[in-house]
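Engineer: The structure's right below; bear with me while I get my questions together.
The values are calculated or read from the model by the stated rules, or taken from the named source; none is laboratory data. If you're wondering where the values come from, they're calculated on a predicted model, not measured in any experiment. Cβ sites come from the backbone with ideal geometry, for glycine too, and all protein chains shown count toward neighbours.
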Amino acid sequence: MPIAEIKSYPNGKGASTPWGRAQYSQTLERGVTFYGTAGHGGLSITFAWAEKHLTPHAIMLGSVYGGKLWYEEDCQVSIVFYERPDLFPRMMGKTVDAGKFEESVRAWNSEYFDKEYQNACARAYPMPKAQDLKNGDEVDMVSYGAPGNVRTFTYLKPYGKKAKDLLVRGDEGGVYKISETQYRNEACQIRSASEIVWERPEAPNRT
């Protein structure tokens, strides 16, 4: 299988990634692109592609940035190649035994193989969209920059041109917009009339 074309981006004009501006990219297929920066890189995957080709637990183990899923090249990317090994030759021009991908996933993301976690992800994905929520629902958001910092917002209505963002009221009365990306990444629980209607599954402790 021919290797995917490598596109270079001089003068720092590449796409924004979790690791800085991309210096080059390889589109492995529509919806799946590898981006490399000066010091790091990883796969960028659209949610539309992921929902067709990846399991819910593989999706939940990805990171959200800029409205897409990202799988860092050292620890996360093997999750994608384990489920879709046909993508690897398009990036590297050679095949690798599937056992290598499984070995890497077990080393860095062992929760992937935990049956209880898989079932919890299946129940939790796809997570509710802005249009699915009801006025008055409570959304707990956790700041990953400050572990343990959970804040509750009261949902008001969808927001933005495509109605994907959330307009919410904070506990002090202020009204805020929560972007779809932030919502996907930081929402940990949703309650309707005090009943839990959605909850992000917690990864099991690694041994």
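Engineer: Suppose we keep only residues that are of a type in the set (S, T, N, Q) and at pLDDT 95 or above within region 77-108. Which one would you say is farthest from R184 (Cα to Cα)?
Structural biologist: Here the residue is S104.
Engineer: What pairs come out if I take residues in region 188-207 that are modelled with pLDDT of 90 or more and pair them with residues that are surrounded by fewer than 10 Cβ atoms within 10 Å (Cβ to Cβ) and of a type in the set (D, E) whose C-beta lies under 6 Å away, six or more apart or interchain?
Structural biologist: none
Engineer: Ok, one more. Do you know which of the residues in region 198-207 that are more than 14 Å from A130 (Cβ to Cβ) and of a type outside the set (D, E, K, R) is surrounded by the most Cβ atoms within 10 Å (Cβ to Cβ)?
Structural biologist: For region 198-207, the residue satisfying everything is P201.
Every residue, every condition in (1) crowded, with 16+ Cβ neighbours inside 10 Å; (2) not charged (D, E, K, R), yes or no:
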| site | (1), (2) |
| --- | --- |
| F153 | yes, yes |
| Y159 | yes, yes |
| R169 | no, no |
| G173 | no, yes |
| I178 | yes, yes |
| Q182 | no, yes |
| E186 | yes, no |
| S192 | no, yes |
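Engineer: When you scan region 58-68, do you find a residue that is of a type in the set (S, T, Y) and at pLDDT below 95, even just one?
Structural biologist: Taking region 58-68 first, the residues of a type in the set (S, T, Y) are 63, 65.
Applying the additional criterion that residues be at pLDDT below 95 yields 63, 65.
For region 58-68, residues of a type in the set (S, T, Y) and at pLDDT below 95: present.
Engineer: Consider N185 carefully, then state whether it is free of Cβ contacts under 8 Å to residues at least 24 places away in the same chain and either over 22 Å from W70 (Cβ atoms) or not charged (D, E, K, R) (or both).
Structural biologist: Working: free of Cβ contacts under 8 Å to residues at least 24 places away in the same chain: no; either over 22 Å from W70 (Cβ atoms) or not charged (D, E, K, R) (or both): yes.
Spelling it out, it is not the case that N185 is free of Cβ contacts under 8 Å to residues at least 24 places away in the same chain and either over 22 Å from W70 (Cβ atoms) or not charged (D, E, K, R) (or both).
Engineer: Let me ask something additional. Just one of A193, A120 is of a type in the set (A, V, I, L, M, F, W, C) and in the same structural domain as R106 (by TED's automatic domain parsing); which is it?
Structural biologist: Details: A193 fails: in the same structural domain as R106 (by TED's automatic domain parsing).
Of the residues listed, the single one that is of a type in the set (A, V, I, L, M, F, W, C) and in the same structural domain as R106 (by TED's automatic domain parsing) is A120.
Engineer: With a cut-off of at least 3 residues that are under 17 Å from the mean Cα position of the chain (by Cα) and within 24 Å of A120 (Cβ to Cβ), name the strands (runs of 3 or more DSSP E) lying wholly within region 161-201.
Structural biologist: Values: elements: 165-170, 175-178, 187-192, 195-199.
Per the criteria, 187-192.
Engineer: Could you please let me know if P89 is in a loop (DSSP other than H, G, I, E, B) and in contact (Cβ under 8 Å) with a residue 60 or more places away in the chain? Walk me through how you get there before you give the answer.
Structural biologist: Details: in a loop (DSSP other than H, G, I, E, B): no; in contact (Cβ under 8 Å) with a residue 60 or more places away in the chain: yes.
Criteria not met by P89.
Engineer: Looking only at region 3-21, count how many residues are touching a strand residue (DSSP E or B) at 6+ places or on another chain (Cβ under 6 Å) and either modelled with pLDDT of 95 or more or in a strand (DSSP E or B) (or both).
Structural biologist: 4
Listed here are the residues, each with its yes/no results for (1) without any contact (Cβ under 8 Å) to a residue 24 or more places away in the chain; (2) surrounded by fewer than 22 Cβ atoms within 10 Å (Cβ to Cβ); (3) on the phi < 0 side of the Ramachandran plot.
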residue: R30; (1), (2), (3): yes, yes, yes
residue: L43; (1), (2), (3): no, no, yes
residue: I59; (1), (2), (3): no, yes, yes
residue: G66; (1), (2), (3): no, yes, no
residue: W70; (1), (2), (3): no, yes, yes
residue: I79; (1), (2), (3): no, no, yes
residue: K94; (1), (2), (3): yes, yes, yes
residue: D97; (1), (2), (3): yes, yes, yes
